[in-house]
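A short write-up of the structure that comes next.
The values are calculated or read from the model by the stated rules, or taken from the named source; none is laboratory data. All values derive from a computational prediction rather than experimental measurement. Ideal geometry is used to build each Cβ from the backbone, glycine not excepted, and the neighbour counts take in all protein chains shown. Remember, those area values only see protein heavy atoms, side chains included, never the ligands or the DNA or RNA. Shrake-Rupley method; radii C 1.70, N 1.55, O 1.52, S 1.80 Å.
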Amino acid sequence: MARVQPLSGFPEWTPQERLVEAHVIGTLREVFALHGFGEIETRVVEPVERLAGDSDASKEIYAIGRLNADPDADRKEAKLGLHFDLTVPFARYVEENQGRLQFPFRRYQIQKVWRGERPQEGRFREFYQADIDVVGRDTLPEHLEAEVAIVMARALRALPLPPARMHLNNRGLVEGFYRGVGIVDVAGALRSVDKLDKIGPDGVREELHGKGVNPEAVDAILELAAIQTPDGSFVDLVEALWDHSPIVEGADDAREQFDRGARSLAALVDAVNAAVPETAIADLRIARGLDYYTGAVYETVLEGHEDLGSICSGGRYDSLVAGGGFPGVGMSIGVSRLVSRMLGAGLATASRSVPQAVLVAVTDEEHRAASTAIADRLRTRGIPTEVSPNAAKFGKQIQYADRRGIPFVWFPAAGDGTSPDGEVKDIRSGEQTPADADAWVPPTEDLNPRIVRG
């Protein structure tokens, strides 16, 4: 038989690693629900033409089809693909269900997505993503831009992670400045600036020159991108930069957009830091190259793990659906990307590899039913329990529990009347005491596996 070859980009965790992933997902659900977000789940397939839209996303889509498809099947049936993010299916969901939803609609969604990109550290072809969005009908209050960021910051702080730094910008501020220095293709310039981390200032400069941006304007937008402050003090810096930049004539509208964006960003940074101290940073480099962002934009990095890139990003958009009328704001966490780093860098681990807190020993096969009855009484009270797979010597059964990380071994009563149900042993300390299966409970910290910081 040919040896099984792993598929690159499709992570499969061990049970102990899976406990860490489950903890991350469970924590996110808890924090999102605590802040009033309701969970939805959308289908995993969409028409390929909807997924691709007008972008280059078609290169990342996994198209699906039936093996041995019926040759007489309707050839007009839409070609389907697996979703590569949760935004496209969410937009379709809102459009289809708008008559049944209450707006502003607050949703969270944690599902797997599939993306045909080159696998590398922290980047997979199949992975979990977690999104939150608030979508309005025609209007959406600006304070929700801060609320979404605060919820995500609190979710990250609840996980066994280093401090997360949320880098914030405002597309209105940036676009107003770009227009002010005479850039016509603002979206194209933003896409170039979004590559600063990859190609550096010289690479961005060369790319912008190739797009016809004059050198003075390039210098100005690179200087803007270099501004970063932990509070609202950036406002004085960007205003001074405007005053010393080659502003074109008739830029009053651009200046108004610039000022409005600066005020919004200052309020956003202050609000996030007031709720989750030392989290938000005003970073005029953050561009988020996607054209549909119109207000706040967010990118989040882990302190000491900046090489991982952004683990959580998003922004404000004018309309979720093509027809307009559904403004919103949202953020997305790459769950598998985060879990991969947590495991690989030893940031978190499960206290044991299995859920069981107790192994009930088996004296001999003739009395296995008695061990099973004790286990069932413990399970009825919510204590995860396993019955020993064989009736080996007790020392070997203890070794079996130790290898699996099960902290307690229950020895059924010998029938001498000293204890009705036998004795339970903490195999870590060696302490062994008589116990009643209808009353005994393990210490709280041993009842279920705990996720501990590395």
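Be a star and scan the range 112-156 for residues whose amide nitrogen sits under 11 Å from the point 7 Å along the Cα-to-Cβ vector of Val44.
Hits in the range 112-156 for Val44 at 11 Å: 112-114, 126-127.
Want the number for Lys195 to Glu96: 0.36 nm per residue separation, take away the alpha-carbon distance, what's left?
Numbers: separation 99, 0.36 × 99 = 35.64 nm, distance 3.55 nm.
Stretched out fully, the Lys195 to Glu96 stretch lengthens by 32.1 nm.
What percent do you get for the relative contact order of the chain when only Cα pairs under 8 Å and 6+ apart count? Can you show the working numbers first?
Details: 828 pairs, mean separation 74.5, N = 454.
Averaging sequence separation for qualifying contacts and normalising by length gives 16 percent for the chain.
Tell me which of Val354, Gln397, Gly334 sits at the most positive position along the dipole axis of the range 334-400, charges placed on C-beta atoms (Lys, Arg +1; Asp, Glu -1).
Gly334
I need the calculated FRET efficiency for the pair Asp185 and Ala345, taking r as the beta carbon distance and R₀ as 41 Å, to the nearest 0.05. Write down the numbers at each step before the final one.
On the way: r = 40 Å, r/R0 = 0.98.
So, using R0 = 41 Å, E works out to roughly 0.50.
Could you tell me which of Val151, Ala189, Gly136 has its Cα farthest along the dipole of the range 127-190 towards the positive end, charges placed at Cβ (Lys, Arg +1; Asp, Glu -1), taken about the Cα centre?
So the residue furthest toward the plus end is Val151.
With +1 on each Lys and Arg Cβ and -1 on each Asp and Glu Cβ, how big is the dipole of the range 97-249 about its Cα centre, in debye rounded to the nearest 20?
On the way: 19 positive and 24 negative charges, 242 e Å.
So the dipole magnitude of the range 97-249 works out to roughly 1160 debye.
With labels modelled as points extended 7 Å from the Cα through the Cβ direction, what inter-label distance (nm, one decimal) is found for Ala22 paired with Glu142?
4.5 nm
With the cut-off at 24 Å, tell me which of the pairs Lys79/Lys198; Lys59/Lys112; Lys59/Lys195; Lys112/Lys195 have Cα atoms farther apart than that. Spell out each step's value before the answer.
Numbers: Lys79/Lys198 35 Å; Lys59/Lys112 19 Å; Lys59/Lys195 20 Å; Lys112/Lys195 27 Å.
The answer is Lys79/Lys198; Lys112/Lys195.
Along the charge dipole of the chain, pointing to its positive end and built from +1/-1 on Cβ of Lys, Arg, Asp and Glu, which listed residue (Gly9, Met166, Pro384) has its Cα farthest out?
Going by the Cα projections, it comes out as Pro384.
Which angle from 0 to 90°, rounded to the nearest 10, does the C-alpha axis of helix 252-275 make with the longest principal axis of the chain?
Tilt of helix 252-275: around 20 degrees.
Please give the contour-minus-distance gain from Gln399 to Lys211: 0.36 nm per residue of separation, less the Cα-Cα distance, rounded to one decimal in nm.
Numbers: separation 188, 0.36 × 188 = 67.68 nm, distance 6.86 nm.
Stretched out fully, the Gln399 to Lys211 stretch lengthens by 60.8 nm.
By accessible area of protein heavy atoms, probe 1.4 Å, what ranking do Ile110, Ile247 get, highest first? List each step's numbers first, then the result.
Values: Ile110 10, Ile247 55 Å².
In descending accessible area the options line up as Ile247, Ile110.
Lys and Arg at +1, Asp and Glu at -1: add these up for the other residues within a Cβ distance under 11 Å of Ile281 and post the number. Display every interim value, and only then the final one.
Details: positive: Arg165, Arg285; negative: Asp231, Glu278, Asp283, Glu299.
Residues near Ile281 contribute -2 overall.
Relative to the present Cα-Cα distance, how much length would full extension add between Ala226 and Thr433 at 0.36 nm per residue of separation?
Details: separation 207, 0.36 × 207 = 74.52 nm, distance 6.57 nm.
Working it through step by step, the gained length comes to 67.9 nm.
Compute, for the chain, the length of the dipole vector about the Cα centre, with Cβ point charges of +1 (Lys, Arg) and -1 (Asp, Glu) only. Units Debye, rounded to 20.
Details: 51 positive and 70 negative charges, 289 e Å.
Approximately 1380 debye in magnitude.
Would you please state which residues of the range 151-171 a label at Ser233 would reach in this model, taking the label point 7 Å out along Cα→Cβ and a backbone N cut-off of under 20 Å?
Those under the cut-off are 165-170.
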